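For reference, the structure discussed in these notes is given below.
Coordinate-derived values only; no laboratory data. A quick note: this is a predicted structure, and the numbers were derived from the prediction, not measured. All Cβ positions, glycine included, derive from the backbone under ideal geometry; neighbour counts span all protein chains shown.
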Amino acid sequence: MSKFPVYALPGLLDDERLWQHQAAFLAGQHPFFTADLAGHDSIAALASAALSRAPAERFALAGLSMGGYVALEIMRQAPQRVIALALLDTSARPDTAQASEFRHSLIALAKTDFDAVIDSITPRILHPARLGDKEIMEVIKDMARSVGADAFVRQQRAIMSRMDSRPFLGAIRCPTLVLCGRDDALTPLEVHEEMAAAIPGAKLVVIEQCGHMSALEQPQQVALAMQGWLNG
């Protein structure tokens, strides 16, 4: 199989460091690129911008969390360009009223105390056993500060206004990996089971002892799952 590129889409307040371990693991097999998802306040615009900067005419597409929302939109805008799809710790569902209310509160807080926003989010996205991992915590906080408060507000607005992707899942025809941490509190196992059941031929992988940030929390297991997805 030719060495087609992997185009990875980061989550809220994440950058290329989210995928650093998978990029290193797969480097000898597939060129690895990470999109910038900080510049727009709608999922459709983020997808369009990501497509305009894609590394090749056709690529394997991986998205984690917000990156998964953008990946599903890319599948609507340009499905012919995607060789294979990986959806990690994400959901095809629209935002709930409760989640949107919490996002609005964080947007307000970001205007006065962005560090408090970071501190509020971090315990929600990691397995409890990872909260004492200084290396992971440092990466998450450094990424967040690099992305910044203004981009955070745009990303939150995009996430809140995202559409329900569930009616479109049955149209996906490329090899698809659906992966999540067993203990993902933000996008739990049931929403991944829902996606895997709706996408023809999709494979579901559950990573043990892992929360929402699977690519950082269990990097080797995620890299191996992605290798199997790409080689399959």
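List of remarks:
- J(HN,Hα) series, the range 206-215, from Karplus relation 6.51 cos²θ - 1.76 cosθ + 1.60, nearest Hz, glycine and proline x: 10, 9, 6, 6, 8, x, 6, 9, 4, 4
- Per residue, the average separation of C-alpha pairs within less than 8 Å and at least 6 apart gives the range 43-93 a relative contact order of 43 percent.
- Theoretical ellipticity at 222 nm over the chain - DSSP helices of four or more residues, -39500 (n - 2.57) apiece, nearest 500: -14000 deg cm²/dmol
- Shape class of the range 108-232 from the Cα gyration tensor (axes a ≥ b ≥ c, square roots of the eigenvalues): oblate, since a/c reaches 1.5 or more and a/b does not exceed b/c.
- One Cα centroid belongs to the range 148-199, the other to the range 50-99; the line between them spans 8 Å.
- Look at the alpha carbon pairs under 8 Å that are at least 6 residues apart: their mean separation over the length of the chain gives a relative contact order of 25 percent.
- For the range 114-123, 3J(HN,Hα) per residue [Karplus equation, 6.51 cos²θ - 1.76 cosθ + 1.60, θ = phi - 60°, Hz, x = Gly/Pro]: 5, 4, 5, 4, 4, 5, 6, 7, 3, x
- Applying 0.36 nm per residue to the separation of E193 and D142 and subtracting their alpha-carbon distance, the gain on full extension is 15.2 nm.
- Note on D119 and E16: the extension gain reaches 35.0 nm, defined as 0.36 nm multiplied by sequence separation minus the Cα-Cα distance.
- Among M143, M226, a tally of other beta-carbon atoms within 10 Å of each Cβ gives an order, fewest to most, of M143, M226.
- Residue exposure sequence - H21, H30 - by fewest surrounding Cβ within 10 Å: H21, H30
- Candidates G63, G39, G211: whichever shows maximal mean-square fluctuation once the chain is modelled as a Gaussian network with Cα springs under 10 Å: G39
- Cut-off 15 Å between beta-carbons: net charge of the residues surrounding A45, Lys and Arg +1, Asp and Glu -1: +2
- Top of A149, A196, A129 by mean-square fluctuation, Gaussian network on the chain, Cα under 10 Å: A129
- Here the contact order of the range 149-232, divided by its residue count and restricted to Cα pairs under 8 Å and six or more residues apart, works out to 28 percent.
- For C210, C180, C174, order by how many other beta-carbon atoms lie within 10 Å, fewest first: C174, C210, C180
- The GNM of the chain, with springs linking C-alpha atoms under 10 angstrom apart, assigns the highest mean-square fluctuation among Q155, Q22, Q221 to Q221.
- Loop-located GluC sites (Glu not before Pro) in the range 156-232 (DSSP state not H, G, I, E or B) with no more than 15 neighbouring Cβ atoms inside 10 Å: E208.
- Each Lys or Arg adds one and each Asp or Glu subtracts one; over the other residues with Cβ under 12 Å from the Cβ of L109, this totals -1.
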